[in-house]
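We did not get these values from a lab; they are worked out from the coordinates using the rules stated. From a predicted model like this one, the values you see are computed outputs, not experimental measurements. Virtual Cβ from ideal backbone geometry, glycine too; neighbours counted across all protein chains shown.
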Amino acid sequence: MLSSDCVYMLAADHRWQWEEWCDARSIPRTRIPEVKRLAADGFRLARERSPRVREFGALLLDAQYSSDVIAEARRDGVVAGTPAEKAGAFPLAWATEPFDRALIGAFVKVLVRFRPDDADEIRDGQWHKLDMLQAWCRRAGTQLVVEVLVPRRQEPEDTFDAAGRPAMLADFIGESYRRGLTPQFWKIEGTPAADGARTIDRAIAAQPQCRQIILGKAADIATIERWFAAAYESATAVGFAIGRSVFWEPSTAFLAGSSTAAEAAAHICANYLRLVDAWRR
């Protein structure tokens, strides 16, 4: 299970991103499982080198391209989870039904896109699906991680990242609690502003058992470090769930033939351990 004290999650459940990248370069999609294994290999290297990763590390992988890797990881005692959502879908739709076919990991992640100005039928439909998934997780004894993405539309980027998105996230979390949706973890977009981080922290802390982990959005590691710094005083913030910032460059180099699998896995390991060190600081 994911620890409520600390989570270092390598999130490698990306599907449509890899499909688009491969299609644009005439690389067969049948090679996508190779980059899933690279992510897992990089994680294993980090696990060998860091007691913190052995204790608090986790993998997020999709059953579509990673079922064998997930099974191997779980046999080796790695905390590995799977996503519930259909990749790239808006409104929220399921990758596979019934859930048992796709949700084969130790925890479940679901990504939902939210704006308060979305149509009522979109928001109501997504709430219904989240309630359905939470009920399944409770019956299955599986932890639930809800990832919330709040897209920017007309707002200025700087003020939206610092205050607008945190306020919308806080509203979504508050509404979730009023509806009885209380995931063990919120997977949250980071903010560079301490005030914005406090807004999110207060909203999550209304349910004392809930925690937050910060996602990466393919940002450079220096930017992520600023998000970590802003969240420093947030009692609910216990770690991160970051993927492309760690594995994308090494993995694309491997698929393009400019890097070996061993080199790519070592690069992934180094990037991941840098984030672990940044979070600890």
Put a dot 7 Å past each Cα toward the Cβ at Ala229 and Ala256; how far apart are the dots in nm? 3.0 nm
Among Leu133, Leu181, rank each residue by its count of other Cβ atoms within 10 Å, from fewest to most, as a rough exposure measure. Leu181, Leu133
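Calculated FRET efficiency, Trp16 and Ile221, Cβ-Cβ r, R0 25 Å, to nearest 0.05? Before the final figure, lay out the partial values.
On the way: r = 24 Å, r/R0 = 0.95.
Calculated transfer efficiency: 0.60.
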If you rank His267, His14, His128 by fewest surrounding Cβ atoms within 10 Å, what's the result? His128, His267, His14
Would you kindly derive the ³J(HN,Hα) couplings of segment 193-205 from the backbone phi angles with the Karplus curve 6.51 cos²θ - 1.76 cosθ + 1.60 (θ = phi - 60°), listing them in order in whole Hz, with x for Gly and Pro? 9, 4, 5, x, 4, 5, 4, 5, 4, 4, 5, 5, 5
Amide H to amide H under 5 Å from Gly57: which residues, 5+ apart in sequence or cross-chain, H placed 1.01 Å off N in plane? Tyr8
With springs connecting C-alpha atoms under 10 Å apart, model the chain as a Gaussian network and identify which of Ser234, Ser26, Ser66 has the largest mean-square fluctuation. Ser26
By the gyration tensor of its Cα atoms, with a ≥ b ≥ c the square roots of the eigenvalues, what is the shape of the chain: rounded for a/c under 1.5, prolate for a/b over b/c, or oblate? rounded
Using only the alpha-carbon atoms, how far is helix 165-178 inclined from the longest principal axis of the chain? Give it as 0 to 90 degrees, nearest 10. 70 degrees
Among Asp171, Asp100, Asp195, which one shows the highest mean-square fluctuation when the chain is modelled as a Gaussian network with alpha-carbon springs under 10 Å? Asp100
Partner lysines for Lys187 [C-alpha distance under 18 Å; skip if fewer than 8 residues away on the same chain]: Lys86, Lys109, Lys129, Lys217
Step through the residues of segment 268-281 one at a time and calculate ³J(HN,Hα) from phi using the Karplus curve (6.51 cos²θ - 1.76 cosθ + 1.60, θ = phi - 60°), rounding each to whole Hz and writing x for Gly and Pro. 4, 4, 5, 4, 5, 5, 5, 5, 4, 5, 5, 5, 5, 5
Do the sum for the chain: with -39,500 (n - 2.57) for every DSSP H run of n ≥ 4, divided by all residues, what is the mean residue ellipticity at 222 nm, to the nearest 500 deg cm²/dmol? -15500 deg cm²/dmol
Residues whose built amide H sits under 5 Å from the amide H of Gly239, excluding neighbours closer than 5 in sequence, are Val7, Ile214
Starting from 0.36 nm per residue, how many nanometres of slack lie between Arg138 and Arg202 once their C-alpha separation is accounted for? 20.5 nm
Which angle from 0 to 90°, rounded to the nearest 10, does the C-alpha axis of helix 221-230 make with the longest principal axis of the chain? 30 degrees
Among Ile213, Ile32, Ile268: highest mean-square fluctuation, GNM of the chain, C-alpha pairs under 10 Å: Ile32
What is the spin-label model distance, in nm, from Arg31 to Glu263 if the labels are put 7 Å beyond Cα along the C-beta direction? 1.5 nm
Modelled label-to-label distance, Glu175 and Glu249, 7 Å Cα→beta-carbon offset: nm? 3.8 nm
Net charge near Ala266 (other residues with Cβ under 12 Å of its Cβ; Lys, Arg +1; Asp, Glu -1) is -1
Derived scalar couplings ³J(HN,Hα) [segment 32-43; Karplus, 6.51 cos²θ - 1.76 cosθ + 1.60; whole Hz; x for Gly, Pro]: 4, x, 5, 6, 5, 5, 4, 4, 5, 5, x, 4
Using modelled amide H (1.01 Å from N, peptide plane; none on Pro or chain starts), what sits under 5 Å from the amide H of Glu147, excluding residues fewer than 5 places away? Val110, Leu111, Val112, Lys187
From fewest to most C-beta neighbours within 10 Å, the residues Thr182, Thr260 line up as Thr260, Thr182
